[in-house]
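**Student:** Dropping the structure in here first, questions after.
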Amino acid sequence: MLRFVGRKLLYLVPVLLAVSVLTFLIASLLPGDLAYVILGDQATPEKVEALRHDMGLDQPLLIRYFHWLGHILQGDFGRSFRTGQTVLQVVAERLPVSFELMILAELIGLVIGVPLAILCAARSGSAFDRFMTSTAFAMLSMPTFLSAILLIYLFAVSLRWFPATGYVPFSEDPLANLRFMVLPALTLALAEWPGIMRVLRSDMIATLQEDYIALARAKGLTARRILFVHALKPSSLTLVTITGINIGRLIGGALIVESIFALPGIGRLIVGAIYTRDLVIMQGVVLLVASGFVIMNFVVDMLYAVLDPRIRHGHA
(Lines give C-alpha, C1' and ligand atoms only; values in the text may rest on other atoms or scores of the structure.)
Protein backbone atom coordinates (compact mmCIF):
# COMPACT_ATOMS: atom_id res chain seq x y z
CA MET A 1 0.00 0.00 0.00
CA LEU A 2 2.86 2.42 0.81
CA ARG A 3 4.41 1.74 -2.59
CA PHE A 4 1.06 2.42 -4.26
CA VAL A 5 0.65 5.71 -2.36
CA GLY A 6 4.22 6.77 -3.20
CA ARG A 7 3.67 6.09 -6.91
CA LYS A 8 0.49 8.15 -6.91
CA LEU A 9 2.24 11.00 -5.10
CA LEU A 10 4.92 11.06 -7.82
CA TYR A 11 2.15 11.44 -10.41
CA LEU A 12 0.58 14.19 -8.31
CA VAL A 13 3.59 16.54 -8.44
CA PRO A 14 3.64 17.21 -12.23
CA VAL A 15 -0.14 17.61 -12.23
CA LEU A 16 0.07 20.28 -9.52
CA LEU A 17 2.86 22.02 -11.44
CA ALA A 18 0.69 22.04 -14.57
CA VAL A 19 -2.18 23.49 -12.52
CA SER A 20 0.10 26.25 -11.25
CA VAL A 21 1.25 27.11 -14.79
CA LEU A 22 -2.31 27.33 -16.11
CA THR A 23 -3.44 29.37 -13.12
CA PHE A 24 -0.57 31.81 -13.55
CA LEU A 25 -1.32 32.21 -17.26
CA ILE A 26 -5.00 32.95 -16.54
CA ALA A 27 -4.12 36.23 -14.85
CA SER A 28 -0.91 37.02 -16.74
CA LEU A 29 -2.34 36.78 -20.26
CA LEU A 30 -5.58 38.67 -19.63
CA PRO A 31 -5.89 41.94 -21.53
CA GLY A 32 -5.19 45.11 -19.58
CA ASP A 33 -2.47 46.25 -17.22
CA LEU A 34 -2.72 45.47 -13.51
CA ALA A 35 -0.75 48.61 -12.70
CA TYR A 36 -3.40 50.80 -14.37
CA VAL A 37 -6.15 48.94 -12.46
CA ILE A 38 -4.42 49.50 -9.11
CA LEU A 39 -3.62 53.18 -9.69
CA GLY A 40 -7.00 54.03 -11.19
CA ASP A 41 -7.50 57.77 -11.74
CA GLN A 42 -4.02 58.50 -10.40
CA ALA A 43 -2.34 56.55 -13.20
CA THR A 44 0.41 58.47 -14.95
CA PRO A 45 3.09 56.98 -17.21
CA GLU A 46 5.72 57.52 -14.50
CA LYS A 47 3.63 55.99 -11.70
CA VAL A 48 2.59 53.06 -13.88
CA GLU A 49 6.18 52.33 -14.86
CA ALA A 50 7.34 52.54 -11.23
CA LEU A 51 4.54 50.24 -10.02
CA ARG A 52 5.19 47.74 -12.79
CA HIS A 53 8.85 47.65 -11.74
CA ASP A 54 7.97 47.21 -8.04
CA MET A 55 5.57 44.34 -8.85
CA GLY A 56 7.96 42.73 -11.33
CA LEU A 57 5.49 43.13 -14.20
CA ASP A 58 8.27 44.37 -16.48
CA GLN A 59 10.14 41.09 -16.21
CA PRO A 60 9.84 38.18 -18.70
CA LEU A 61 6.86 35.88 -18.20
CA LEU A 62 8.96 32.85 -17.22
CA ILE A 63 10.89 34.77 -14.54
CA ARG A 64 7.62 36.13 -13.14
CA TYR A 65 6.20 32.60 -12.96
CA PHE A 66 9.13 31.19 -11.00
CA HIS A 67 9.13 34.24 -8.72
CA TRP A 68 5.39 33.76 -8.11
CA LEU A 69 5.80 29.98 -7.60
CA GLY A 70 8.56 30.59 -5.06
CA HIS A 71 6.21 32.75 -3.00
CA ILE A 72 3.47 30.12 -3.32
CA LEU A 73 5.78 27.39 -1.98
CA GLN A 74 6.48 29.64 1.01
CA GLY A 75 2.75 30.04 1.68
CA ASP A 76 2.48 33.56 0.25
CA PHE A 77 -0.42 33.55 -2.25
CA GLY A 78 -0.52 37.32 -2.55
CA ARG A 79 -2.53 40.19 -1.12
CA SER A 80 -5.56 42.01 -2.49
CA PHE A 81 -4.71 45.53 -3.62
CA ARG A 82 -8.32 46.57 -2.87
CA THR A 83 -8.94 45.22 0.64
CA GLY A 84 -5.39 44.56 1.82
CA GLN A 85 -6.32 41.02 2.88
CA THR A 86 -4.13 38.09 1.93
CA VAL A 87 -5.53 35.31 -0.24
CA LEU A 88 -5.31 32.84 2.63
CA GLN A 89 -7.28 35.18 4.92
CA VAL A 90 -10.03 35.61 2.34
CA VAL A 91 -10.19 31.89 1.61
CA ALA A 92 -10.31 31.07 5.33
CA GLU A 93 -13.36 33.34 5.65
CA ARG A 94 -15.19 32.06 2.57
CA LEU A 95 -14.20 28.38 2.39
CA PRO A 96 -16.44 27.14 5.27
CA VAL A 97 -19.51 28.44 3.41
CA SER A 98 -18.64 26.72 0.13
CA PHE A 99 -17.47 23.57 1.91
CA GLU A 100 -20.75 23.29 3.83
CA LEU A 101 -22.71 23.87 0.63
CA MET A 102 -20.81 21.16 -1.26
CA ILE A 103 -21.05 18.63 1.59
CA LEU A 104 -24.80 19.18 2.00
CA ALA A 105 -25.38 19.00 -1.76
CA GLU A 106 -23.36 15.79 -2.10
CA LEU A 107 -25.13 14.19 0.87
CA ILE A 108 -28.57 15.09 -0.50
CA GLY A 109 -27.55 13.79 -3.92
CA LEU A 110 -26.38 10.48 -2.43
CA VAL A 111 -29.48 10.15 -0.24
CA ILE A 112 -31.69 10.57 -3.30
CA GLY A 113 -29.59 8.77 -5.90
CA VAL A 114 -28.33 5.65 -4.10
CA PRO A 115 -31.71 4.28 -2.88
CA LEU A 116 -33.30 4.98 -6.27
CA ALA A 117 -30.42 3.20 -8.02
CA ILE A 118 -30.85 0.13 -5.81
CA LEU A 119 -34.61 0.05 -6.39
CA CYS A 120 -34.20 0.45 -10.14
CA ALA A 121 -31.54 -2.28 -10.28
CA ALA A 122 -33.72 -4.65 -8.27
CA ARG A 123 -36.69 -3.92 -10.58
CA SER A 124 -34.77 -3.61 -13.82
CA GLY A 125 -37.06 -3.19 -16.81
CA SER A 126 -40.15 -2.40 -14.72
CA ALA A 127 -42.36 0.66 -15.17
CA PHE A 128 -40.75 2.23 -12.08
CA ASP A 129 -37.26 1.70 -13.53
CA ARG A 130 -38.23 3.27 -16.86
CA PHE A 131 -39.92 6.21 -15.15
CA MET A 132 -36.97 6.99 -12.89
CA THR A 133 -34.46 6.60 -15.74
CA SER A 134 -36.44 9.05 -17.86
CA THR A 135 -36.77 11.45 -14.92
CA ALA A 136 -33.03 11.32 -14.27
CA PHE A 137 -32.33 12.04 -17.95
CA ALA A 138 -34.68 15.04 -17.84
CA MET A 139 -33.06 16.38 -14.65
CA LEU A 140 -29.61 16.16 -16.25
CA SER A 141 -30.89 18.49 -18.98
CA MET A 142 -32.11 21.15 -16.54
CA PRO A 143 -29.64 24.03 -15.95
CA THR A 144 -28.73 24.89 -12.37
CA PHE A 145 -30.02 28.45 -12.50
CA LEU A 146 -33.45 27.24 -13.63
CA SER A 147 -33.65 24.79 -10.71
CA ALA A 148 -32.69 27.62 -8.35
CA ILE A 149 -35.43 29.90 -9.69
CA LEU A 150 -38.07 27.18 -9.45
CA LEU A 151 -37.07 26.26 -5.89
CA ILE A 152 -37.09 29.90 -4.81
CA TYR A 153 -40.56 30.43 -6.30
CA LEU A 154 -41.96 27.25 -4.74
CA PHE A 155 -40.37 27.13 -1.28
CA ALA A 156 -39.50 30.80 -0.63
CA VAL A 157 -42.19 32.82 -2.44
CA SER A 158 -45.22 30.52 -2.46
CA LEU A 159 -44.83 28.30 0.62
CA ARG A 160 -42.47 30.61 2.58
CA TRP A 161 -40.72 27.62 4.17
CA PHE A 162 -37.16 28.81 3.53
CA PRO A 163 -35.51 32.20 2.90
CA ALA A 164 -34.53 33.00 -0.69
CA THR A 165 -31.22 34.75 0.03
CA GLY A 166 -28.84 35.44 2.88
CA TYR A 167 -26.57 33.50 5.21
CA VAL A 168 -26.11 32.93 8.94
CA PRO A 169 -22.88 31.27 10.19
CA PHE A 170 -23.35 27.83 11.72
CA SER A 171 -21.55 28.92 14.89
CA GLU A 172 -24.10 31.69 15.51
CA ASP A 173 -27.35 29.79 14.88
CA PRO A 174 -27.21 26.20 13.52
CA LEU A 175 -30.93 26.03 12.70
CA ALA A 176 -30.96 29.36 10.90
CA ASN A 177 -27.82 28.32 9.04
CA LEU A 178 -29.49 25.14 7.77
CA ARG A 179 -32.63 27.06 6.75
CA PHE A 180 -30.52 29.36 4.57
CA MET A 181 -28.50 26.44 3.14
CA VAL A 182 -31.37 24.09 2.23
CA LEU A 183 -32.37 25.69 -1.08
CA PRO A 184 -28.80 26.23 -2.40
CA ALA A 185 -27.78 22.68 -1.46
CA LEU A 186 -30.95 21.22 -2.95
CA THR A 187 -30.34 23.18 -6.15
CA LEU A 188 -26.92 21.57 -6.58
CA ALA A 189 -28.19 18.14 -5.46
CA LEU A 190 -30.88 18.14 -8.15
CA ALA A 191 -28.07 18.22 -10.71
CA GLU A 192 -26.04 15.51 -8.93
CA TRP A 193 -28.44 12.69 -8.07
CA PRO A 194 -29.32 11.70 -11.70
CA GLY A 195 -25.70 10.87 -12.54
CA ILE A 196 -25.26 8.99 -9.27
CA MET A 197 -28.44 6.99 -9.85
CA ARG A 198 -27.75 6.09 -13.48
CA VAL A 199 -24.14 4.98 -12.88
CA LEU A 200 -24.87 2.93 -9.76
CA ARG A 201 -27.97 1.38 -11.36
CA SER A 202 -25.99 0.18 -14.39
CA ASP A 203 -23.19 -1.24 -12.25
CA MET A 204 -25.59 -3.01 -9.90
CA ILE A 205 -27.52 -4.58 -12.78
CA ALA A 206 -24.23 -5.99 -14.10
CA THR A 207 -23.19 -7.16 -10.62
CA LEU A 208 -26.52 -8.91 -10.00
CA GLN A 209 -25.83 -11.10 -13.04
CA GLU A 210 -22.56 -12.44 -11.62
CA ASP A 211 -22.21 -16.10 -10.63
CA TYR A 212 -21.60 -15.40 -6.95
CA ILE A 213 -24.93 -13.56 -6.77
CA ALA A 214 -26.66 -16.62 -8.22
CA LEU A 215 -24.88 -18.74 -5.59
CA ALA A 216 -26.07 -16.39 -2.84
CA ARG A 217 -29.63 -16.74 -4.09
CA ALA A 218 -29.26 -20.51 -4.20
CA LYS A 219 -28.19 -20.48 -0.56
CA GLY A 220 -31.48 -18.81 0.32
CA LEU A 221 -30.14 -15.35 1.25
CA THR A 222 -32.74 -12.62 1.33
CA ALA A 223 -32.96 -10.14 -1.54
CA ARG A 224 -32.15 -7.28 0.84
CA ARG A 225 -28.95 -8.95 2.05
CA ILE A 226 -27.88 -9.73 -1.51
CA LEU A 227 -28.46 -6.14 -2.61
CA PHE A 228 -26.86 -4.31 0.30
CA VAL A 229 -24.11 -6.77 1.33
CA HIS A 230 -23.04 -8.65 -1.80
CA ALA A 231 -23.93 -6.30 -4.68
CA LEU A 232 -23.59 -2.74 -3.41
CA LYS A 233 -19.87 -2.70 -2.51
CA PRO A 234 -18.56 -4.21 -5.80
CA SER A 235 -20.76 -1.73 -7.66
CA SER A 236 -19.43 1.29 -5.76
CA LEU A 237 -16.13 1.80 -7.60
CA THR A 238 -17.67 3.92 -10.34
CA LEU A 239 -19.80 5.69 -7.74
CA VAL A 240 -16.62 6.75 -5.92
CA THR A 241 -15.30 8.19 -9.20
CA ILE A 242 -18.54 10.07 -9.84
CA THR A 243 -18.50 11.45 -6.30
CA GLY A 244 -14.95 12.74 -6.76
CA ILE A 245 -15.75 14.30 -10.14
CA ASN A 246 -18.88 15.85 -8.67
CA ILE A 247 -16.68 17.96 -6.39
CA GLY A 248 -15.41 19.77 -9.46
CA ARG A 249 -18.95 20.13 -10.79
CA LEU A 250 -20.11 21.46 -7.44
CA ILE A 251 -17.32 24.07 -7.43
CA GLY A 252 -18.47 25.23 -10.86
CA GLY A 253 -22.12 25.18 -9.82
CA ALA A 254 -21.30 27.17 -6.70
CA LEU A 255 -20.32 30.12 -8.88
CA ILE A 256 -23.94 30.42 -10.00
CA VAL A 257 -25.72 29.21 -6.88
CA GLU A 258 -23.79 31.41 -4.46
CA SER A 259 -24.53 34.44 -6.62
CA ILE A 260 -28.26 33.64 -6.85
CA PHE A 261 -28.68 32.93 -3.13
CA ALA A 262 -26.21 35.63 -1.98
CA LEU A 263 -23.94 33.19 -0.12
CA PRO A 264 -20.52 34.59 0.87
CA GLY A 265 -18.57 31.60 -0.45
CA ILE A 266 -15.60 30.92 -2.73
CA GLY A 267 -17.69 31.01 -5.89
CA ARG A 268 -19.03 34.48 -5.17
CA LEU A 269 -15.51 35.58 -4.21
CA ILE A 270 -14.14 34.54 -7.62
CA VAL A 271 -16.99 36.30 -9.43
CA GLY A 272 -16.38 39.47 -7.40
CA ALA A 273 -12.64 39.32 -8.07
CA ILE A 274 -13.31 39.06 -11.81
CA TYR A 275 -15.68 42.03 -11.78
CA THR A 276 -13.27 44.20 -9.79
CA ARG A 277 -10.21 42.87 -11.68
CA ASP A 278 -8.59 41.87 -8.40
CA LEU A 279 -6.25 39.51 -10.25
CA VAL A 280 -4.17 38.61 -7.20
CA ILE A 281 -7.22 37.25 -5.37
CA MET A 282 -8.54 35.54 -8.49
CA GLN A 283 -5.19 33.90 -9.21
CA GLY A 284 -4.65 32.68 -5.66
CA VAL A 285 -8.18 31.40 -5.15
CA VAL A 286 -8.28 29.59 -8.50
CA LEU A 287 -4.95 27.92 -7.69
CA LEU A 288 -6.23 26.74 -4.30
CA VAL A 289 -9.52 25.47 -5.73
CA ALA A 290 -7.85 23.68 -8.65
CA SER A 291 -5.25 22.12 -6.35
CA GLY A 292 -8.02 20.99 -4.02
CA PHE A 293 -9.78 19.29 -6.93
CA VAL A 294 -6.56 17.49 -7.94
CA ILE A 295 -5.99 16.35 -4.35
CA MET A 296 -9.61 15.14 -4.18
CA ASN A 297 -8.95 12.92 -7.19
CA PHE A 298 -5.87 11.59 -5.38
CA VAL A 299 -8.07 10.71 -2.41
CA VAL A 300 -10.47 8.93 -4.79
CA ASP A 301 -7.57 6.82 -6.08
CA MET A 302 -6.76 5.88 -2.49
CA LEU A 303 -10.38 4.86 -1.91
CA TYR A 304 -10.12 2.66 -5.00
CA ALA A 305 -7.25 0.79 -3.39
CA VAL A 306 -9.28 0.32 -0.20
CA LEU A 307 -12.39 -0.93 -2.01
CA ASP A 308 -10.51 -3.21 -4.42
CA PRO A 309 -7.12 -4.61 -3.25
CA ARG A 310 -6.33 -5.72 -6.82
CA ILE A 311 -5.81 -2.06 -7.80
CA ARG A 312 -2.93 -1.44 -5.40
CA HIS A 313 -1.27 -4.64 -6.54
CA GLY A 314 -1.51 -3.61 -10.20
CA HIS A 315 -3.99 -6.32 -11.24
CA ALA A 316 -6.94 -4.02 -12.03
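The values are calculated or read from the model by the stated rules, or taken from the named source; none is laboratory data. Everything numeric here is computed off the predicted structure, so don't read it as measured data. For the accessible areas, the whole protein counts, side chains as well, though only heavy atoms, and no ligand, DNA or RNA atoms are used. Shrake-Rupley method; radii C 1.70, N 1.55, O 1.52, S 1.80 Å.
**Student:** Accessible area per residue, 1.4 Å probe, Å², for segment 146-284: what's the number?
**Tutor:** Dividing the accessible area of segment 146-284 by its residue count gives 48 Å².
**Student:** Please list T165, T187, T144 from largest to smallest accessible area, probe radius 1.4 Å, with all protein chains kept in place.
**Tutor:** T165, T144, T187
**Student:** Using a 1.4 Å probe, what is the accessible area per residue for segment 54-127, in Å²?
**Tutor:** Result: 56 Å² per residue.
**Student:** Could you work out [θ]222 nm for the chain from helices alone, using -39500 (n - 2.57) per DSSP H run of at least four and dividing by all its residues? Round to the nearest 500 deg cm²/dmol.
**Tutor:** That comes out to -24000 deg cm²/dmol.
**Student:** What do you get when you divide the Cα radius of gyration of the chain by 2.2 N^0.38 Å, with N the number of residues?
**Tutor:** For the chain, the normalised Cα radius of gyration comes out at 1.23.
**Student:** How much of R79 can a 1.4 Å solvent probe reach, expressed as accessible area in Å² and rounded to 10?
**Tutor:** For R79, the solvent-accessible surface is approximately 140 Å².
**Student:** Contact order normalised by length for the chain, with contacts defined as Cα pairs under 8 Å and 6 or more residues apart; what percent is it?
**Tutor:** 26
**Student:** Could I ask something else about it? Obtain the radius of gyration and the Kirkwood radius of segment 106-197 from its C-alpha atoms and give Rg over Rh.
**Tutor:** With Rg and the Kirkwood Rh in hand, the quotient comes to 1.06.
**Student:** Ok, one more. With a 10 Å cut-off between alpha carbons and a GNM built on the chain, which of R130, R277, R217 moves the most?
**Tutor:** Taking springs between Cα atoms under 10 Å, the residue moving most is R217.
**Student:** With a 1.4 Å probe and all protein chains left in place, how much of the accessible area of the chain comes from carbon and sulfur atoms, in whole percent?
**Tutor:** Within the chain, the accessible surface is 67 percent carbon and sulfur.
**Student:** Using a 10 angstrom cutoff on alpha carbons, build the Gaussian network for the chain and name the most mobile of Q85, Q283, Q209.
**Tutor:** Q209
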